[in-house]
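Read through the structure below, which is laid out as structure tokens, and then see the notes.
What follows draws every value from the coordinates through simple rules; no lab data is involved. What you see is a predicted model, and the numbers here were worked out from it, not measured in a lab. With ideal geometry, Cβ positions are generated from the backbone for all residues, glycine too; neighbour counts draw on all protein chains shown.
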Amino acid sequence: MRAIERFPNLVTMFFARAKEKGDAPFLWRKTQGTWQLLSWAEVARQVAAMAAGLKAEGLKPGDPVMLVSENRPEFCIADLAIMAAGCITVPTYTTNTTRDHQHILTDSGARAVIVSTAKLATTLMPAVLRSQVSLVIPMEPIRGAQGNYTCRLWSDLIAAHPADVDACALAQTAVRSDQACIIYTSGTGGAPRGVMQHHGAILANVEGAGQVVLEDFGWGDEVFLSFLPLSHAYEHSGGQFLPMLLGGQIYYAEGLEKLASNIEEARPTIMVVVPRLFEVLRTRIIKSIEKQGKFPTYLLNQALRIAAKEQQGKSSIVDLPMKALLARTLIPKIRARFGGRMKALVSGGAPLNPDVGLFFEAMGLMLLQGYGQTEAGPVISCNRPAAGIAMDTVGPPLDGVEVKIAEDGEILVRGELVMHGYWRNPAETEKVLKDGWLHTGDIGEIDGRGRIRITDRKKDLIVNDKGDNVSPQKVEGMLTLQPEIGQAMVYGDRRPHLVGLLVPDSEWTMEWAAANGRPIKGITDDPTYLAALRAAVDRVNDDLSVIERVRRFILADEPFAIENEELTPSMKIRRHVIRKRYQDRLDALYKG
């Protein structure tokens with residue numbers, strides 16, 4: 001069995017794999033309806049050329065370089081080239097506003113910017129004009145590129161600096177403790193902070209994750225579908241550098257609206273996804289099965305029943321005939337939707353509702369919930385078959401990661417994966433790094449098999465007027481599993497009970513309106529419509545304790561979204577933004 005290698009830095013790891021893989025396919029993008037590939041050798045050539053170009057333009061080791069790009073092969077090439085030139089990558093979200101870009105440019109002190117499209121440049125360039133940036137490299141031509149900086153087109157810079165790949169590989173001197181990138185946390189509250197990730201932090205992550213793949217699934221020709229933003233630490237490590245370590249292939253998804261078809265076409269073996277997407281996929285699959293009639297719905301219910309029993313260690317020989325039937329009928333159809341060769345779907349970035357995990361297990365898909373944060377590379381732990389999968393845990397820590405529980409229940413983490421601190425922010429660094437331990441801000445426990453169980457965010461806990469602690473994420477997760485409810489936020493700090501802010505599911509709303517002969521316009525004021533939502537809330541309340549029940553609710557004006565700053569790019573709700581918008585209406589629920 002092949003062993004997981006250790007490398008001194010990320011660039012050396014890439015060049016080692018490129019030399020080994022040669023003309024084998026590495027990166028795939030869809031152009032005009034056809035998947036186009038770049039081989040390992042071609043990517044290595046472009047990385048070496050771009051690194052030479054960056055040096056020729058005057059960038060020095062340690063200079064931060066901002067990277068603004070959607071998921072595409074050039075993101076990977078730029079990221080590696082920046083590091084190969086001895087510089088520090090500053091990946092940022094494509095959804096950032098000019099104000100967001102201004103903050104990151106000012107805070108990071110970026111000397112150069114690489115931007116992918118003219119559209120993204122429209123919000124970026126006003127911030128660049130007010131910054132210290134001296135070099136702008138657009139991947140595609142941009143208009144109005146005049147300013148107190150040099151502009152070099154991506155293709156021109158590569159063409160002007162043909163480089164010796166072997167020489168570039170040999171010139172890499174970075175060690176594991178050297179800084180690789182600054183990843184700005186999307187932040188559920190306040191301005192983003194720059195997390196200093198060193199080469200060793202990301203390498204420790206991919207080595208630990210690679211060990212999980214090797215031991216539980218064997219070393220094969222892995223295929224990844226890159227969907228989450230590469231500026232997010234989870235995709236950056238798990239969706240870019242893990243495939244690199246494994247010598248795998250990366251397909252770049254075209255977006256959420258084409259994700260289902262991209263999965264069927266790319267036929268990935270591993271996908272890293274956030275829980276919100278799993279919730280959406282679960283809802284769509286259930287609806288499609290229910291529309292097929294009573295027998296498929298019966299099979300679905302039987303699959304869920306058997307999976308629940310097996311999770312509790314109560315599998316029975318009586319269920320064998322039904323399992324055989326499911327293996328011939330329902331499960332192959334669902335697996336085909338995921339390409340037919342999926343080894344594991346890995347969930348991270350936010351807590352996963354156990355019922356969602358159980359659903360995918362029942363459908364014959366291995367779902368592994370991971371846990372981590374940007375400050376830890378970002379992966380701290382992951383469920384794995386060898387340790388026994390429990391959907392209410394996030395598995396044992398990766399190899400080389402120490403975890404302990406503080407007296408107040410906070411999860412503390414130590415190891416090479418932990419960041420060196422927040423960029424130019426010693427005050428915030430001191431709050432979370434104490435005696436070598438990262439204070440995660442998460443509350444949890446460790447079970448008898450060494451698996452971590454997250455119970456809540458330390459700062460997200462709701463404390464009612466009687467001093468009882470309530471986990472909002474638990475209640476919100478249960479609400480959004482109802483077909484009527486798309487999104488939810490509960491509220492009730494220092495209050496006698498919880499109230500809720502709901503975003504009704506749009507598809508359910510359309511179906512309800514059609515079935516009840518109601519127009520969509522003004523439907524949120526329809527008493528019968530509100531009663532249907534009330535019934536969904538009551539179903540959830542039946543499974544909650546008295547202090548967790550949602551007594552009253554209001555409807556949001558619009559869905560929580562990245563664009564209105566009510567969701568982070570990893571689809572976590574930004575409570576402080578939502579509370580500020582709806583504060584008066586939520587408070588009014590406690591009157592009368």
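Once you list every other residue whose beta carbon is under 11 Å from the beta carbon of ASN425, what net charge do they have if Lys and Arg are +1 and Asp and Glu are -1?
0
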**Prompt:** When a footprinting reagent is the concern and you count Cβ atoms within 10 Å, what order do ASP79, ASP525, ASP468 take, fewest first?
**Reply:** ASP525, ASP468, ASP79
**Asked** Considering only the other residues whose Cβ falls under 14 Å of the Cβ of GLU484, what net charge follows from Lys and Arg at +1 and Asp and Glu at -1?
**Response** -3
**Request:** Apply the Kirkwood formula to segment 346-450: the hydrodynamic radius equals the inverse of the mean of 1/r over all pairs of different alpha-carbon atoms; give it in Å with one decimal.
**Result:** 14.6
**Request:** Answer rounded, prolate or oblate for segment 154-228, using the Cα gyration tensor with square roots of eigenvalues a ≥ b ≥ c: rounded when a/c is under 1.5, else prolate when a/b is larger than b/c, else oblate.
**Result:** oblate
**Complete:** A correct fewest-to-most ranking of SER69, SER231 by other Cβ atoms within 10 Å would be SER69, SER231
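Normalised by the residues of segment 10-198, what does the relative contact order come to in percent, with Cα pairs under 8 Å and at least six apart? Present the calculation step by step, with values, prior to reporting the outcome.
Values: 325 pairs, mean separation 38.5, N = 189.
That works out to 20 percent.
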**Asked** For the chain, what relative contact order do you get, as a whole percent, if you take Cα pairs closer than 8 Å and at least 6 residues apart?
**Response** 11
**Prompt:** Which lysines have a Cα lying under 21 Å from the Cα of LYS572, excluding residues fewer than 8 positions away in the same chain?
**Reply:** LYS458, LYS459, LYS474, LYS580
**Request:** May I ask you to give the average projected area over all directions of the convex hull of the Cα atoms of segment 528-592, in nm² rounded to one decimal?
**Result:** 5.8
**Asked** Hey, what's the Cα Rg ratio for segment 255-329 versus the globular rule of thumb, 2.2 N^0.38 Å?
**Response** 1.33
**Asked** Summing Lys, Arg as +1 and Asp, Glu as -1, what charge do residues with Cβ under 13 Å from the Cβ of ILE306 carry, ILE306 excluded?
**Response** +1
**Prompt:** lysines near LYS314 by alpha-carbon distance under 17 Å, same-chain residues fewer than 8 away left out - which ones?
**Reply:** LYS323
**Complete:** For segment 462-523, shape from the Cα gyration tensor axes a ≥ b ≥ c, cut at a/c of 1.5 then a/b versus b/c, turns out prolate
**Request:** Using +1 at the Cβ of each Lys and Arg and -1 at the Cβ of each Asp and Glu in segment 180-277, identify which of GLY208, LEU259, PRO275 lies farthest towards the dipole's positive end.
**Result:** PRO275
**Prompt:** What does the convex hull of the Cα atoms come to per residue for segment 233-291, in Å³?
**Reply:** 92
**Message:** Starting from the 7 Å offset along Cα-to-Cβ, what nm value, one decimal, do you get for the label separation of GLU264 and ALA167?
**Reply:** 5.0
**Prompt:** Which of the trypsin sites (Lys or Arg not before Pro) across segment 508-592 are loop residues per DSSP, with 13 or fewer other Cβ within 10 Å?
**Reply:** LYS521, LYS591
**Prompt:** Along each of its three principal axes, how wide is the spread of alpha-carbon positions in segment 413-476, in whole angstrom units, largest first?
**Reply:** 39, 33, 20
**Asked** What is the Cα coordinate range of segment 462-588 on the first, second and third principal axes, sorted by size from largest, in whole angstrom?
**Response** 46, 34, 26
**Fill in**
Taking N as the residue count of the chain, its alpha carbon Rg divided by 2.2 N^0.38 Å gives 0.99
**Prompt:** Given q = 0.17 Å⁻¹, what are the Debye log10 I(q)/I(0) values for segment 397-518, with equal point scatterers placed on the Cα positions and solvent ignored?
**Reply:** -0.97
**Request:** Please go through segment 468-523 and write out the GluC sites (Glu not before Pro) that DSSP classes as loop and that have at most 15 other C-beta atoms within 10 Å.
**Result:** none
**Asked** Using +1 on the beta carbon of Lys and Arg, -1 on that of Asp and Glu, and nothing else charged, what's the dipole of the chain about the Cα centre, debye to 20?
**Response** 780
**Sparse-neighbourhood loop sites, GluC sites (Glu not before Pro) in segment 345-453 - DSSP loop, at most 12 other Cβ within 10 angstrom** = GLU407
**Message:** Please compute one quarter of the surface area of the Cα convex hull for segment 1-105 and express it in square nanometres.
**Reply:** 9.0
**Fill in**
log10 I(q)/I(0) for segment 10-198, Debye formula on C-alpha points only (no solvent), q = 0.12, 0.17 Å⁻¹, two decimals, reads -0.56, -1.13
**Asked** Quick one: of the DSSP bridges fully inside the chain, what percent are antiparallel, nearest 5?
**Response** 55
